[in-house]
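J.: First, the structure itself, so that you have it in front of you.
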Ligand code: GLP
């Protein structure tokens, strides 16, 4: 696991964009695993700028998002579908048919989850997976639990995650369930890039990097991945 610490958020985002650029330059039809939340926003801005400047192109790129809320309309302002359209997809040259996000309104969640895993496998698995980290050490929506998860599944969100994410749901109630890639799906990615900023993430980052590998801190499994880089600001790295 490689750890890099930055004094300013813009430099961190440029470093993250450099890693994306290297992957896309080496493999223009790369498969990217994407994340939502506040953490990747500046990185997506940097990627949009590089796309506009003609440095990178998404025209042959395929993407799979980590997770999506269940029982929230796709076009709700808080859906991860909307987040991705607004923060990346509508501003780069990606083809709509190459974008994949779990359908949180599927009639049969197990079927949707299995189909999602099959699509990732058919695409040749993920070349570069971007991650944030929850205050409780979750990655995607893999919440602390007694066992690590495998493929995509429907998860009941913990109170800690509901508290952390409710701030976005100002005029509707936050969903209690989500579909998420499992830790097993995430670990199959060839390269993993985790971004964490702010003091609220310091304990989760410490547990992920220095703690035991345990499903009680899902991000700790990344210690066993052969090619993972953490990009942190000083506040998130404060306990290391
Ligand atoms: C959310 C998402 C995660 C994200 C994390 C941190 O609940 N499911 O994929 O990494 O929590 O979010 P943020 O970057 O907003 O702190």
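J.: Counting other beta carbons within 10 Å of each residue's own, what order do 209, 229 fall into, fewest first?
T.: 229, 209
J.: Percent antiparallel among DSSP beta bridges with both residues in the chain, to the nearest 5?
T.: Details: 8 of 30 bridges.
DSSP beta bridges in the chain are roughly 25 percent antiparallel.
J.: Can you show me the helix-derived [θ] at 222 nm for the chain, built from DSSP H runs with n ≥ 4 at -39,500 (n - 2.57) apiece and divided by the number of residues, rounded to the nearest 500.
T.: About -9000 deg cm²/dmol.
J.: Follow-up question, since we're still on this one. Would you mind listing how long the stretch 172-240 runs along its three principal axes, going by Cα atoms, in whole Å with the largest first?
T.: 35, 31, 20
J.: How large, in Å, is the stretch 1-81 by the Kirkwood hydrodynamic radius built from its alpha-carbon pairs?
T.: 14.2
J.: With all distinct Cα pairs included, what does the Kirkwood hydrodynamic radius of the stretch 68-179 come out to in Å, to one decimal, could you say?
T.: 15.3
J.: Any idea what % of Cα-Cα pairs in the stretch 154-209 are farther than 13 Å?
T.: Across the stretch 154-209, Cα pairs with separations above 13 Å total 74 percent.
J.: Ok, one more. In whole Å, what are the extents of the stretch 55-99 along the principal axes defined by its C-alpha atoms, from largest to smallest?
T.: On the principal axes, the stretch 55-99 reaches 36, 16, 15 Å in Cα extent.
J.: Taking only the alpha carbons of the stretch 114-177, what extent do you get along each of the three principal axes, in Å, biggest first?
T.: 39, 29, 21
J.: Follow-up. So what does the Cα-only Debye profile of the stretch 120-240 read at q = 0.10, 0.12, 0.15, 0.17 Å⁻¹, as log10 I(q)/I(0), no solvent term?
T.: Normalising to I(0) and taking log10 leaves -0.30, -0.43, -0.67, -0.86.
J.: Moving on to the next point. With only alpha-carbon atoms in the gyration tensor, what are the semi-axes of the equivalent ellipsoid for the chain, in Å, largest first? Kindly include the intermediate steps, with their values, before the conclusion.
T.: Numbers: eigenvalues 106, 103, 64 Å².
In descending order, the three semi-axes are 23, 23, 18 Å.
Readers should treat all values here as calculations from the given coordinates under stated rules, not as data from a laboratory. The structure displayed is predicted, hence computed values, not measured ones. Neighbour counts run over all protein chains shown; Cβ positions are idealised from the backbone, glycine included.
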